[in-house]
1. Of all residues in segment 216-229, which are open to solvent by less than 50 Å² (accessible area, probe 1.4 Å) and either outside any strand (DSSP E or B) or closer than 14 Å to G40 by Cα (or both)?
2. Among the listed residues F91, F60, which satisfies the condition of being open to solvent by 50 Å² or more (accessible area, probe 1.4 Å), under 17 Å from K227 (Cα atoms) and either of a type in the set (D, E, K, R) or modelled with pLDDT under 95 (or both)?
3. Within segment 99-125, track down each residue that is in contact (Cβ under 8 Å) with a residue 40 or more places away in the chain and surrounded by fewer than 16 Cβ atoms within 10 Å (Cβ to Cβ).
4. Give me the pairs: first residue in segment 204-229 and under 14 Å from G169 (Cα atoms), second residue of a type in the set (F, W, Y) and open to solvent by less than 100 Å² (accessible area, probe 1.4 Å), beta-carbon distance under 6 Å, and six or more apart or on different chains, which are they?
5. Look through G29, G37 and report the one residue that is more than 16 Å from I106 (Cβ to Cβ) and either more than 15 Å from the chain's Cα centre (by Cα) or of a type outside the set (D, E, K, R) (or both).
6. Just checking, how many residues over segment 44-57 are within 23 Å of F309 (Cα to Cα) and open to solvent by 10 Å² or more (accessible area, probe 1.4 Å)?
7. Within segment 35-43, can one find any residue that is farther than 12 Å from G9 by Cα, of a type outside the set (D, E, K, R) and either touching an Asp or Glu at 6+ places or on another chain (Cβ under 9 Å) or open to solvent by 30 Å² or more (accessible area, probe 1.4 Å) (or both)?
8. Take the residues in segment 7-33 that are touching a Phe, Trp or Tyr at 6+ places or on another chain (Cβ under 7 Å) and not in a helix (DSSP H, G or I); name whichever of them is most open to solvent (accessible area, probe 1.4 Å).
Amino acid sequence: MKIGVVVHGPEIVDSGYAQKFLDFLEDYGTVRVRLGGTMGRTAVIDAHLEDRIDISQKLFPSQSVDKFKDENCDVIFLINYGKSSVTGHAFGYKVYHNSQGQPPLIQMERPGEEDGSVVAWREDKIKLAKEISFKMGLKLVSPEEIRECLFSEDPCQEVSSTICRKIAGVSPEENIFVNGIVIGKSTSSEVAIVAEKGMITQLIGGELKEHGVEKLGPVELEKAIVKTGLLRKSRVKPRILKSEKSNVNFTVSYLNHAAEDIYRLKNADMVVTVGDDTTLVAADILYRFNVPIIGITDGDLDKVVEEGFTAEGSLIVELESGWDDLVGDKIFLELFNNEETIEIENIENFKSKLLQIISNITHQYQVKYS
């Protein structure tokens with residue numbers, strides 16, 4: 001049997017169940033594995049699994065499923081460790097319906113928990129799903145049960161003439177991410193996002209973060225990747241990899257959007273990041289490649305990972321609230337000449353020029369060194 005496995009999120013890797021399940025599947029046939037999503041990449045690296053799980057491309061989970069379907073896999077497994085069975089099943093529902101042409105998809109969800117389950121999203125895979133659920137001690141849950149749970153109460157019924165998307169399994173006081181950007185915080189367990197003409201205008205059951213909405217810009221809400229809580233909950237020992245650095249000149253890159261593919265900057269000598277969440281996520285990822293950052297922040301931090309790391313030689317510039325984007329734009333214009341990546345001869349001189357640009361704009365800032 002030709003088997004494809006889509007690994008989603010850091011928790012399934014951090015828990016050790018990704019490796020256990022891949023070992024388990026070897027008895028069933030030839031297994032190929034891809035990551036779906038972005039944050040799981042760091043977990044794969046920390047677990048020394050990059051030779052087993054393909055992390056070479058930045059793919060949505062449904063895109064990874066589609067690739068395996070195009071390769072004529074007999075069955076495709078989606079393995080995930082959601083915050084709850086509700087969020088996990090809602091995620092599986094979205095992946096299946098965003099994939100092309102009803103793929104032969106079986107989901108394994110939260111295998112280390114009492115509510116751990118196996119879902120056969122296509123009817124002809126029920127027999128195999130039942131066998132695997134029995135062998136792994138997991139419950140078999142039907143797509144019908146999931147649909148009934150997801151759509152039994154719908155806050156979107158209150159909204160008309162707009163696009164409204166219900167978010168399942170939310171707890172109060174959790175960050176709400178859309179395509180990697182925090183757009184608000186929940187105040188209840190019944191949460192929905194409302195968009196008008198592509199712009200998010202309302203967070204039912206939560207407080208909207210206007211700055212996050214501005215950063216996100218127009219979005220296809222039906223297809224957007226929506227997450228809640230922390231991007232990575234586990235406390236882990238990060239693994240530092242060797243990367244290919246330039247010998248003569250130094251490469252410096254500019255990043256102002258946490259949802260962009262940060263891993264493509266792993267061979268930079270330094271990265272300038274703009275925004276609190278962007279700085280936190282980028283610093284944590286780039287730490288694995290020993291890449292220091294210069295973070296332009298304003299103290300408007302939403303806790304997006306349980307514990308972040310920063311490479312030696314980094315510095316964080318904390319401005320007054322609302323100034324990070326303004327200063328970032330000035331640095332991008334004057335130091336980077338509107339180019340994403342530049343070459344420099346001396347990193348300390350570059351830092352001095354950057355701090356001078358900030359001093360010319362405002363004296364109200366603090367610098368923290370690592």
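The values are calculated or read from the model by the stated rules, or taken from the named source; none is laboratory data. Keep in mind the model is a prediction, meaning the values are calculated, not measured. Reconstructed Cβ throughout: ideal geometry from the backbone, glycine too, with neighbour counts over all protein chains shown. We work out accessible area using only protein heavy atoms, side chains counted, and drop any ligands, DNA or RNA first. Shrake-Rupley method; radii C 1.70, N 1.55, O 1.52, S 1.80 Å.
1. L216, G217, V219, L221, A224, G229
2. F60
3. Passing the criteria: only G112.
4. So the pair list comes out as K227/F177.
5. Only one candidate passes the filter, namely G37.
6. 7
7. no
8. Here the answer is S15.
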